[in-house]
2 protein chains.
Amino acid sequence: MNAPVTVSILGLGEMGRALAAALLGAGHTVTVWNRTPGRAERLIEDGAIEAPSAGVAIDASELVVVCLFDHDSVHETLDPIVDRLHGRVLVNLTTTSPEQARELGLWARAGGIAALDGGIMAVPSMIGGPGSEILYSGDQSSFERYRNVLDRWGTSSYLGADPGLASLYDIALLSGMYVMFAGYMQGAALVATAGVSATAFAERSAAWLSAMTGELAGYGRVIDGGDYTVAGQQSLDFSDLSKMLEAADEAGVGAVPLAMVQSLIERQRGVGLGAEGFARIFESVRHTVG
Amino acid sequence: MNAPVTVSILGLGEMGRALAAALLGAGHTVTVWNRTPGRAERLIEDGAIEAPSAGVAIDASELVVVCLFDHDSVHETLDPIVDRLHGRVLVNLTTTSPEQARELGLWARAGGIAALDGGIMAVPSMIGGPGSEILYSGDQSSFERYRNVLDRWGTSSYLGADPGLASLYDIALLSGMYVMFAGYMQGAALVATAGVSATAFAERSAAWLSAMTGELAGYGRVIDGGDYTVAGQQSLDFSDLSKMLEAADEAGVGAVPLAMVQSLIERQRGVGLGAEGFARIFESVRHTVG
């Protein structure tokens, strides 16, 4: 058991409330504030203190967590009271872009505020439970100092001093997830043409795709090595998806996700690199601003 | 230990050789044939019998496995000797489309041949080892009768009587895999802009994407239920990826995979269905022939 700390949570949307509730459960002194009142009732019952203003909330605690609507809301809320943050630790869990997180990092440094930016890899109902992870970047000593507090929300991972890293990883991981979901939909649409349920296909897909994540480390090594001709790879020519696209067409089903991959493959084959490894589609992805 | 059977393997490409080797290791009587000779030497050392023609190979065995270049090669090889297959069991492991598998199923039925069509979810080096799976469809009694033989190659799954099912599942699962790989590349390209290695991102992605496959069952239930308004879903409006696309643009990195998902989302939002659940992108996928 670690010593309780004073924490203020600014922003009581669904996520802010979940963050506050998890800290109350751990015995910390939690002060909460929301621009529009009425969101704190349940938290107050559980021991939270409601502050009448963001400034009062900041004064109450050594650790200030903001979880607001967007980057602009963060500045609107904090700019008028930046002096009161001086010497405290700010953890920004508002969803922002990497560039916005970097901008806030510079703003915090100018104000003498130690700051962390976080990317929450969970939905509110997962906070404090298994599978919840929050990525952090920015001031490492603040991360280490308050790690036991942060760990109440889920697994805490520190990625580096660049304040944009957490947001960048967040976007990168979510991108992979959404694209994977589209891949499942592509498969489900194909098997549906033979009357196979999406549920039955989901079970098989989950096992298959999980197993296939084992290939990612190999792609990573090839990409980092920078040589797409190393032995043991499946070539782009061999990865030609045109027969699969024809099968989708024959089945009368759309193939936007699959055609997307084929376009990445074709871009490399089109410049004569078809004998190189599949990992080369990394170059197709990064060099075309889509 | 089950009784050894007589098995002939037609086609000694890398996969055919792996299939034959696995059966030799299990004590079966294995006859092999390849259009161009010289591929069987290692197998003969391990106890295989090389047949001088496809017809002789068929005569030698109760179970005939074909693993040839493509669907046309199967007909070129088997059509002239279809009578000799009568009463035997044919397992076609040649990569074909669902429609081609169905055509071969009708051809086999007309010739009095019990037939299975298989989709190999493994590379040759995996055959007979952990992680290898082969999907089958077609004649169920043949599958059950020879299951112990088939199981030497990996996990054997029977999907149904429609001979096209194994190929369809194969294409569907591979589609999901290739699209997932493109999603990883998208993420790796994003984090690379902050100097993060593709290898480091692969490790985090593998864990994250594996965990997120847990969401597929829920999507399957919504799709099968046919009501994309059921409670507890993330809406398409909430899934708007435009901020992620802006972040990619700001980072100067391409976003073809992510933009593909956004196009599926936008198609539904564009017709006023943005309040419905994310699973609705299934309709975007299947209703546009890409």
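One table, with the values for the structure above:
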{"item": "Isotropically averaged projected area of the protein assembly as shown, using the convex hull of Cα atoms (one quarter of hull area), nm²", "result": "29.4"}
{"item": "Computed E for residue B:242/residue A:249 - FRET, C-beta separation, R0 41 angstrom, nearest 0.05", "result": "0.85"}
{"item": "Whole-Hz ³J(HN,Hα) from phi, Karplus 6.51 cos²θ - 1.76 cosθ + 1.60, for region B:76-88, glycine and proline x", "result": "4, 7, 8, 3, x, 10, 4, 4, 6, 7, 3, x, 9"}
{"item": "Å³ per residue enclosed by the Cα convex hull of region A:163-290", "result": "131"}
{"item": "Shape box of region A:142-183 [Cα atoms, principal axes, largest first, Å]", "result": "41, 23, 9"}
{"item": "Chains A and B together, accessible area buried on both sides, 1.4 angstrom probe, square angstrom", "result": "7700"}
{"item": "Percent of Cα pairs exceeding the 26 Å cut-off, where the set is region B:91-217", "result": "37"}
{"item": "Theoretical gain in end-to-end length, residue B:203 to residue B:69 [0.36 nm per residue, Cα-Cα removed]", "result": "44.6 nm"}
{"item": "Expected-Rg normalisation [2.2 N^0.38 Å, Cα atoms] applied to region A:6-161", "result": "0.93"}
{"item": "Where a label projected 7 Å from the Cα of residue B:76 along Cα→Cβ would reach, residues of region B:155-175 with amide N under 15 Å", "result": "none"}
{"item": "Relative contact order, percent, region A:78-222 [alpha-carbon distance under 8 Å, six or more residues apart]", "result": "19"}
{"item": "Number of partner chain Cβ atoms within 10 Å, mean per residue of A:273-284", "result": "3"}
{"item": "Length added when fully stretched, residue B:59-residue B:41, from 0.36 nm per residue minus Cα-Cα", "result": "4.4 nm"}
{"item": "Position residue B:145, label points 7 Å along Cα→Cβ, spacing to each other copy in nm (shortest first, one decimal)", "result": "7.7"}
{"item": "For the protein assembly as shown, accessible area per residue (1.4 Å probe, heavy atoms of protein chains only), Å²", "result": "40"}
{"item": "Equivalent ellipsoid semi-axes, chain A, via Cα gyration tensor eigenvalues times 5, rooted, Å", "result": "45, 23, 16"}
{"item": "Length gained when the stretch residue A:147-residue A:287 is fully extended (0.36 nm per residue, less Cα-Cα span)", "result": "46.6 nm"}
{"item": "Mean residue ellipticity (222 nm) of chain A, computed from DSSP H runs ≥ 4 via -39,500 (n - 2.57), nearest 500", "result": "-14500 deg cm²/dmol"}
{"item": "³J(HN,Hα), Karplus 6.51/-1.76/1.60, whole Hz, each residue of region A:58-63, x for Gly, Pro", "result": "5, 4, 6, 9, 7, 10"}
{"item": "At 7 Å out from Cα toward Cβ: residue B:124 inter-copy label distances (nm, ascending)", "result": "5.6"}
{"item": "Position residue A:230, label points 7 Å along Cα→Cβ, spacing to each other copy in nm (shortest first, one decimal)", "result": "4.5"}
{"item": "Number of partner chain Cβ atoms within 10 Å, mean per residue of B:248-255", "result": "6"}
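The values are calculated or read from the model by the stated rules, or taken from the named source; none is laboratory data. Here the structure is a predicted model, which is why all the values come from computation and not from measurement. Backbone-built Cβ (ideal geometry, glycine too); neighbour counts: all protein chains shown. Side chains are part of the model used for accessible areas, which takes the heavy atoms of the whole protein and leaves out ligands, DNA and RNA. Shrake-Rupley method; radii C 1.70, N 1.55, O 1.52, S 1.80 Å.
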